[in-house]
Amino acid sequence: MSLPKIILCTGPPGNGRDEMLMMMKEKSSFRYYHLFDYIVEQAKLDGTNLTKMNILDFYDSQPEKMESLRKSAILQITKEIKENGGVNIISTPHHFEWKGNRFKGFLHDDIEVLNPDLFIVIFDDIIRVRERLSLDPQWSEHKYTLGEIANWRREEMAGIYEVARSFTPKKEVQIIAYENGSEFLKDLIYNPKKQKIYLSHPITGEGSDFFKAVNRFAANLKEYYKVFDPSMIKDWEIVEYWRAAINTAIDLKEAKPNRIPVNIEYKDGQRSVILDAIEVEAAIKNLRFQIIDTDYKLIENSQIVVVYHPRQSISAGVMCEMVYAKSLAKMVYVFYPYEPSPFFEWYSTRIFKEENELKEFLIKESKLTGQTPLDIY
């Protein structure tokens, strides 16, 4: 029996965490532990009937009892992991918000018992999260604002990083946008030899043809690398539609609009929504912070930063990501077909004028092909 690999997979309700795990389970073999199910089973042993509809009310009224049930559930999961070995994934949110109160899906003591090898946080954009919550009987009675959902996710992310840093050495945390899909999650877990690339590229002002080109470039590398693309995080679209609407009103010397139409292109098709401008304004600062914070976390988790920049005018976001990557001693490889500015050149490890030249370089030098290590340049 192989030594167990223990993964704690978290993400706030409505972010598609278990949905993605179930899709991955169709194509790979692992032991799946939904912490809620184990808590329910422990509660049955003493005659307590817990369901999704009453568990948070129970937690609110009897927190000590709830924490005792959770500890018993985790001990049972730990026992099964020791008996079975292999890959084991425990699924639960870390942070709950319910009727004005905050709850934890687990405490530090619980994590010490599990001693996971890896934390994975699965998250989705706030529009699709609200859509899922509205369809879930457990959450549908409360009409969550975009600001509440954004804050919920921020608390989840901060909490997981705090727990991971409490270990010595600190535990690994990987964050995955739902739009990446179950194959990406599977690759992250089952192919540890593949290096991780953060794919930096312009987003603001780019059209569908540009993103198709980015996707083609990324697809050419996926056999050799795990490619983290920030455009998989669709909250950026909300920010951009908001900025465009406000800037247009400023140019026309008009009042701010009351409604903001937003169109987001997902892998499964386009969603069009009309958002309340006041609600978006209340969430926008939180969203902007999270966009930057998430991108920087992805850079921290990646071995290499690859910049795909076929346009001449330099993206401010790309430039900031290059500066941050170099501050972490990351290698920064750039496709830029124009004459670079001194600053752009300074923060690049190497600039390629041709897209195919960069692609072939990365493939040849990947660890999977066994060629020259990238870090000699």
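A compact table of results
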read-out	value
Ratio of the Cα radius of gyration of the chain to 2.2 N^0.38 Å, where N counts its residues	1.06
GNM result for the chain, Cα springs below 10 Å: residue of 310, 116, 137 fluctuating most strongly	137
Ratio of the Cα radius of gyration of the stretch 149-268 to 2.2 N^0.38 Å, where N counts its residues	1.34
Å³ per residue enclosed by the Cα convex hull of the stretch 208-251	69 Å³
Distance between modelled label sites at residue 115 and residue 301, nm, 7 Å Cα→Cβ extension	2.4 nm
At R0 = 45 Å, FRET efficiency that the Cβ-Cβ distance of residue 196 and residue 62 yields, to 0.05	0.55
Karplus (6.51, -1.76, 1.60) ³J(HN,Hα), θ = phi - 60°, over the stretch 157-166, in Hz, Gly and Pro reported as x	5, 5, x, 5, 5, 5, 5, 4, 6, 6
Percent of beta bridges antiparallel (DSSP, the chain, rounded to nearest 5)	25 percent
Helix-derived mean residue ellipticity, 222 nm - over the chain, DSSP H n ≥ 4, -39500 (n - 2.57), to 500	-15000 deg cm²/dmol
Pairs of Cα atoms farther than 25 Å apart, the stretch 207-331, %	35 percent
Loop GluC sites (Glu not before Pro), the stretch 178-234 (other Cβ atoms within 10 Å of the site Cβ: 12 or fewer; DSSP)	223
Gyration tensor verdict on the stretch 1-57 (Cα atoms; rounded if a/c is under 1.5, prolate if a/b is larger than b/c, oblate otherwise)	oblate
Distant-in-sequence amide H partners of residue 124 (H built 1.01 Å from N, under 5 Å)	178
Gaussian network model of the chain, Cα within-10 Å springs - most flexible of 250, 175, 126	250
Placed amide H near residue 226: partners under 5 Å, 5+ positions off or other chain	195, 196, 197
Gyration tensor (alpha-carbon) shape descriptor, the stretch 5-190, a/c threshold 1.5	rounded
Using a Förster distance of 30 Å, the FRET efficiency for residue 252-residue 131 (Cβ separation, nearest 0.05)	0.40
Likely footprinting exposure, 117, 295, fewest C-beta neighbours within 10 Å first	117, 295
Fluctuation leader among 346, 139, 242 - the chain, Gaussian network, Cα springs under 10 angstrom	346
Sites excluded, trypsin sites (Lys or Arg not before Pro) in DSSP loops with at most 16 other C-beta within 10 Å, longest stretch of the chain	53-98
Sorted by Cβ neighbour density within 10 Å, fewest at the top, the residues 231, 166	166, 231
Potential lengthening between residue 41 and residue 211 on full extension [0.36 nm per residue; Cα-Cα distance subtracted]	56.5 nm
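No value in this document is a laboratory result; all are computed from the given coordinates. These figures come from a predicted structure and were not determined experimentally. We place every Cβ from the backbone using ideal geometry, glycine too, and count neighbours over all the protein chains shown.
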